[in-house]
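The next block holds one structure in the form of structure tokens; read it before the comments.
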Amino acid sequence: MDKNFKETSKSGGIIWLFQRLSAVVLFVLLMAHYVTYHFIGHGVVKYVDIIEKMKAPWFNLIQFLFLLTALYHGINGIWMVAEDYMKKKGTRIFVFSVLVMLGVILMFVGMLTIFKAGAKL
Amino acid sequence: MSKEKRVIKILRYDPANDKKPHWVDYTGEYDSDSTILDVLNEIHWKIDGSLAYRRSCRSAICGSCAMKVNGQNILACETPIHKFKGKIKIEPLPGFSIIKDLVVDMDLFFEKLKKVKPYLIVDKPLPDKEFTQSPEEFEHIRESVTCILCGACTSSCPSLWGNEDYLGPAALLRAYRFIFDTRDDGANDRMDIVNDKNGIWRCHTIFNCMEACPKDIKITEYLSRLKVKIVENSI
Ligand code: SF4
Ligand code: FES
């Protein structure tokens, strides 16, 4: 019996590396998000304060990068684990597409919030 | 030495007669520092000679007697029964198919081990006497060379339960052991083998293997070092 266990895909290393890197970036951005929301300006976070802050491009940029990294890290994480349980190529393509779509939709909704909410006032 | 009454539950399965594994209870008086293997021997010799289990060295060195007791993968020959409170539930190693009772099919396990070329590969000219290695160099592999191939780690890995093609921690640790051995020249070859979705990248640092290892090898840590080396090598 000579079974070939290999899947001959070398992409695992890159996916792993990006997951590690995005984790570090995510930590920094999470802190930035936390500080800009809660500690800059008045003590208590109020709707009007945040909407006011959202007029500043640098504030929105931080939230946008945070959203992007969090979505990438989260969806990549689910994909890495889900892959263990899927052998059929069809199932993989389906689940991958669903995850990518989910990512795109959440990104879109998040961007609407970030860039539209402040601009409306 | 005090004897105490213990209830031993063993998951029995005889493919010739049983549809699926089922629990059988045995009650007996045992010394509190008897090992699980002593108990199995007692049952095998005095109560039911048809009980199947593997053992050989009874010194925690051959790796044959790994099994699951009260939810933990252990070596039967080195684990005393006083470690377990109440009923003692003995099962075959999870993740492998059962041949009979506590004997599991280890063929795939050893086949995967062979895939990583578990032997010294030497391209350089042979030295006059022996290959020398400094204590610092040896330190990298000191723990990993103590692996006895009992299979407790691979059997405890959720990634393997999800996909039986995953090489598993024991084979990957063996790859680590040679890749980080300064006397060996086969590192690139082996890294190419384990750099695969069914290889090292199915390890999600779950740490089950480390908890299961009867030799207390920090498997997850070594596999992480291997990941870093592979990524560094391919950039
Ligand atoms: S690493 Fe530990 S648990 Fe795994 S096979 Fe070797 S001795 Fe057994
Ligand atoms: S009988 Fe050899 S390790 Fe237990």
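Bear in mind that the values in this text are calculations on the coordinates, not laboratory data. None of the values given here were measured: they were computed from a predicted structure. Cβ atoms come from the backbone with ideal geometry, glycine included; neighbour counts cover every protein chain shown.
State to the nearest 20 debye the size of the charge dipole of chain B about its Cα centre, where the only charges are +1 on K and R beta carbons and -1 on D and E beta carbons.
640
From the residues B:Leu160, B:Ile219, B:Met191, which one has its Cα farthest along the dipole of segment B:134-235 in the positive direction, the dipole being from +1 and -1 charges on Cβ of Lys/Arg and Asp/Glu about the Cα centre?
Looking along the dipole axis, the top candidate is B:Leu160.
What full-extension length gain, to one decimal in nm, is calculated for B:Glu42 and B:Asp18 as 0.36 nm per residue of separation minus the Cα-Cα distance? Present the calculation step by step, with values, prior to reporting the outcome.
Numbers: separation 24, 0.36 × 24 = 8.64 nm, distance 2.36 nm.
Roughly 6.3 nm would be gained on extension.
About the Cα centre of segment B:170-235, what is the dipole size in debye to 20, counting +1 per Lys and Arg Cβ and -1 per Asp and Glu Cβ, all else neutral?
About 140 debye.
Assuming R0 = 30 Å, what is the FRET efficiency of A:Val109 and A:Ala23, from their Cβ-Cβ distance, to the nearest 0.05? Each step should come with its number before you reach the end.
Details: r = 23 Å, r/R0 = 0.78.
E between A:Val109 and A:Ala23, to the nearest 0.05, is 0.80.
Can you tell me which of B:195-207, B:213-225 comes out highest on packing, and rank the rest after it, using the mean Cβ neighbours within 10 Å? Let's see the in-between values first.
Numbers: B:195-207: 21.2, B:213-225: 18.8.
Averaged packing, sorted descending, gives the order B:195-207, B:213-225.
Mind checking the mean number of beta-carbon atoms from other chains within 10 Å of the Cβ atoms in B:161-167?
4
Distance between Cα centroids, segment B:90-111 to segment B:51-73: provide it in whole Å.
For segment B:90-111 versus segment B:51-73, the Cα centre distance is 11 Å.
Going through segment A:21-53, which chymotrypsin sites (Phe, Trp or Tyr not before Pro) have at most 15 other Cβ atoms within 10 Å and a DSSP loop state?
In loop regions of segment A:21-53 (DSSP not H, G, I, E or B), the sparsely surrounded chymotrypsin sites (Phe, Trp or Tyr not before Pro) are A:Phe39.
Over segment B:107-234, what per residue volume does the convex hull of the Cα atoms give, in whole Å³?
Cα-based convex hull of segment B:107-234, divided per residue, equals 108 Å³.
Sort all Cα-Cα distances of segment A:10-102 into consecutive 10 angstrom bins from zero, then give the percent of pairs in each bin up to the one containing the longest distance.
Taking every Cα pair in segment A:10-102, the percentages come to 15, 35, 25, 17, 8, 1.
Could you give each residue of segment A:22-37 its phi-based ³J(HN,Hα) in whole Hz, using Karplus coefficients 6.51, -1.76, 1.60 with θ = phi - 60°, and x for Gly or Pro?
5, 5, 5, 4, 4, 4, 5, 5, 4, 5, 4, 4, 5, 5, 5, 6
Taking a ≥ b ≥ c as the square roots of the Cα gyration tensor eigenvalues, with a/c under 1.5 meaning rounded and otherwise prolate when a/b beats b/c, else oblate, which class fits segment B:79-134? Spell out each step's value before the answer.
Values: a/c = 5.55, a/b = 2.09, b/c = 2.65.
Since a/c reaches 1.5 but b/c is at least a/b, the shape of segment B:79-134 is classed as oblate.
Over chain B, what is the mean sequence separation of C-alpha contacts under 8 Å (at least six apart), divided by residue count, expressed as relative contact order in percent?
It comes to 18 percent, rounded to a whole number.
Other chains' Cβ within 10 Å of B:209-220 residues: what's the mean?
Shielding by partners across B:209-220 averages 0.
Taking H placed 1.01 Å from N in the peptide plane, check which residues at least 5 places from B:Gly186 or on another chain put their amide H under 5 Å from its amide H.
Long-range HN contacts for B:Gly186: B:Ile121.
Calculate the translational D of the protein assembly as shown in whole µm² s⁻¹ from Stokes-Einstein, where the hydrodynamic radius comes from the Kirkwood formula applied to all Cα pairs, the temperature is 20 °C and the viscosity 1.002 mPa s.
On the way: Rh = 24.2 Å.
Once the numbers are plugged in, D ends up at 89 µm²/s.
So, in Å, what gap is there between the alpha-carbon centers of segment A:17-31 and segment B:164-213?
About 26 Å separates the Cα centre of segment A:17-31 from the one of segment B:164-213.
Dividing the Cα convex hull volume of chain B by residue count, how many Å³ per residue is that?
153
Is there a quick way to get the dipole size of chain A? I mean about its Cα centre, with the Cβ of Lys and Arg at +1 and of Asp and Glu at -1; what is the value in debye to the nearest 20?
With only Lys, Arg, Asp and Glu charged at Cβ, the dipole is about 260 debye.
Across peptide B:196-206, what mean number of C-beta atoms from other chains lies inside 10 Å of a residue's C-beta?
Numbers: counts 9, 11, 8, 6, 3, 11, 6, 2, 6, 0, 0.
Averaged over the peptide's residues, the number is 6.
From the phi of every residue in segment B:166-181, what ³J(HN,Hα) in whole Hz does the Karplus formula 6.51 cos²θ - 1.76 cosθ + 1.60 yield, where θ is phi - 60° and glycine or proline is x?
Using θ = phi - 60°, the values come out as 4, 4, x, x, 5, 5, 5, 5, 5, 4, 4, 4, 8, 4, 9, 8 Hz.
Near B:Lys197, which aspartates and glutamates are there with a Cα under 20 Å away, not counting those fewer than 8 places off in the same chain?
List returned: A:Asp2, A:Glu7, A:Glu83, A:Asp84, B:Glu111, B:Glu164, B:Asp165, B:Asp189, B:Glu221, B:Glu232.
Go through B:69-76, B:147-154 and give me the packing order, highest mean Cβ count within 10 Å leading.
Answer by packing, highest mean first, reads B:147-154, B:69-76.
Please find the FRET efficiency linking B:Lys5 to B:Glu221, where r is the Cβ-Cβ separation and R0 is fixed at 45 Å, and quote it to the nearest 0.05.
Numbers: r = 42 Å, r/R0 = 0.93.
The pair B:Lys5/B:Glu221 has a calculated efficiency of 0.60.
Students often forget the sequence filter, so: which lysines lie under 28 Å Cα-Cα from B:Lys46 once same-chain residues fewer than 8 apart are removed?
Here the lysines satisfying the reach criterion relative to B:Lys46 are B:Lys3, B:Lys5, B:Lys9, B:Lys19, B:Lys20, B:Lys68, B:Lys83, B:Lys85, B:Lys87, B:Lys89, B:Lys100.
Sorted by packing (mean other beta-carbon atoms within 10 Å per residue), highest first, where do B:16-23, B:111-118 land?
B:111-118, B:16-23
What whole-number distance in Å separates the alpha-carbon centres of segment B:129-155 and segment A:61-109?
Computed from Cα coordinates, the inter-centre distance equals 39 Å.
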